[in-house]
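A short write-up of the structure that comes next.
The values are calculated or read from the model by the stated rules, or taken from the named source; none is laboratory data. These numbers come from a predicted model, not from an experiment. Using ideal geometry, Cβ is built from the backbone for each residue, glycine included, and neighbour counts are taken over all protein chains shown. For the accessible areas, the whole protein counts, side chains as well, though only heavy atoms, and no ligand, DNA or RNA atoms are used. Shrake-Rupley method; radii C 1.70, N 1.55, O 1.52, S 1.80 Å.
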Amino acid sequence: MKEMTFFEELKWRGLVKDIAGEGLEDKLNNEKLSFYWGTDPTADSLHIGHYSSLVTAKRLAKAGHHPVLLVGGATGLIGDPRPTSEREIISKETIENNLEGIKKQVMEIVGGDVEVVNNNDWISKFSFTDFLRDVGKYINVNYMLDKDIIRRRLDTGITYAEFSYTLIQGYDFLHLFREKGVTLQAAGSDQWGNITTGIDLIRKITGEEAYGFTMPLILDATGKKFGKSEGNALWLNEEKTSSYELYQYLINTDDCMVEEYLKVFTFLTPTEILKVMEEHNKEPEKRIAQKTLACEIIKDLHGEESCKEAVKISESLFSGDVKSFTEKEINDAFKGLEPFTITEDKNIVDILVEGGVCSSKREAREFLNNGSISINGERVTDLDLVITKDKCLHDKYLIIRRGKKKYHIAIYN
């Protein structure tokens, strides 16, 4: 594969949708720019939908461009207009708590000399009339009405607060242009209107040029965005979404999406990605591309050890060999299962029925006789087996496997 320029590689990865500003390609290839990406602290963690933008910011940083990542302490109080309805107002206390969590997360993920700023530090210094005079008078209402996200809300209605959001974000760009030499904003394609508002403000007030580019929104196989409003949020915080949960989701990526995700979410070179896809296409049942995708993302987010742990849990559950699980691995592996409780030593048949593993004692005996029941990784056929505390993992957990895939978990109290 022929060597590509930095901008050519961004396009090859599918990371460039719209461009604002003449000569941006040359500047990205040959100059060192200060750029910014922003997000509102609507939760105490970012999710996988944000990760594509964060990875792009990290790519820009690796290429020598200086990252300024903005967390919207001010804009988060208003809410970016959604296509269908107004966002729920979040309390100032919640915003502050979320802001601290996201700042820490962004610095850990992007690393290097990343600078994290809060737009409330400058927006809060404006009076209402000063903002209208110093910012609002430069942006025509007809111009704002023509913004796609605003135009789509006109029939159902849009509040003045939401309508003003683009002015605040536009001013953010102007402020960072003046104070930190930021000349480029990069964001998801739903932010195009806000980016161009900032560029227009900079041009009208300073007479200088700024730049922007958007990245296509990353969708899942059903065409939905990755995000908490879509009900499919995968949080970047390991305490909210474990590495194992992330691994399980990603190794089940549809074949039609996996190459796109490798390009967008990983730092594998184009040559490495093409090699992975070549191997994957020879034996797609092995899910080589999906496993590579999962491991690359988890290593970047949570580190090598978390990735190894996620792979171990996945492979152990598949084989049924769960004896070596730590308590953390047990909790991660069975996070979505509701455990049932054992309070005294009891016959295995009774436990299988009371725990809902089998519907009756007759069915329980049948499954035991067929060798279809495993307890903590060991096949059980003894109908008279009594489960005692010392038979539990860590003197507490009873992992029951029925057949090849159906797991139940009991806790001995």
State all residues of region 322-359 that are part of a helix (DSSP H, G or I), under 29 Å from S243 (Cβ atoms) and open to solvent by 50 Å² or more (accessible area, probe 1.4 Å); if no residue qualifies, say none. E327, K328, N331
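For E88, state whether it is open to solvent by 50 Å² or more (accessible area, probe 1.4 Å), of a type outside the set (S, T, Y) and farther than 30 Å from E209 by Cα. Walk me through it before giving the result.
Details: open to solvent by 50 Å² or more (accessible area, probe 1.4 Å): yes; of a type outside the set (S, T, Y): yes; farther than 30 Å from E209 by Cα: yes.
Considered against the rule, which asks whether it is open to solvent by 50 Å² or more (accessible area, probe 1.4 Å), of a type outside the set (S, T, Y) and farther than 30 Å from E209 by Cα, E88 comes out as yes.
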Give all pairs with beta carbons closer than 8 Å in which a residue from region 147-160 that is more than 16 Å from R87 (Cα to Cα) meets a residue that is open to solvent by less than 50 Å² (accessible area, probe 1.4 Å) and of a type in the set (G, A, S); count only pairs at least 6 apart in sequence or on separate chains. K147/G193; D148/G193
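Results for (1) open to solvent by 30 Å² or more (accessible area, probe 1.4 Å); (2) under 12 Å from I330 (Cα atoms), shown as yes or no for each residue.
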{"residue": "I375", "(1), (2)": "no, no"}
{"residue": "E378", "(1), (2)": "yes, no"}
{"residue": "L383", "(1), (2)": "yes, no"}
{"residue": "K391", "(1), (2)": "yes, no"}
{"residue": "D395", "(1), (2)": "yes, no"}
{"residue": "L398", "(1), (2)": "no, yes"}
{"residue": "R402", "(1), (2)": "yes, no"}
{"residue": "K405", "(1), (2)": "yes, no"}
{"residue": "I411", "(1), (2)": "yes, yes"}
Could you grab the pairs with beta carbons closer than 6 Å, sequence gap of 6+ or different chains, first residue in region 306-331 and farther than 15 Å from I251 by Cβ, second one surrounded by fewer than 17 Cβ atoms within 10 Å (Cβ to Cβ)? G320/G377; D321/G377; V322/G377; K323/G377; E327/H394
Of the residues in region 108-130, those that are surrounded by 14 or more Cβ atoms within 10 Å (Cβ to Cβ), touching a residue at least 12 places away in the same chain (Cβ under 8 Å) and not polar (S, T, N, Q) come to I109, V110, V114, E115, V116, V117, W122, I123
Looking for something under 19 Å from L99 (Cα atoms), aliphatic (A, V, I, L, M), modelled with pLDDT under 95 and not in a helix (DSSP H, G or I) - is there at least one such residue anywhere in region 50-63? no
With respect to F367, determine if the residue is open to solvent by less than 80 Å² (accessible area, probe 1.4 Å), among the aromatic types (F, W, Y) and in contact (Cβ under 8 Å) with a residue 60 or more places away in the chain. no
Given the residues T183, T156, which is the only one that is surrounded by fewer than 20 Cβ atoms within 10 Å (Cβ to Cβ) and not in a helix (DSSP H, G or I)? T156
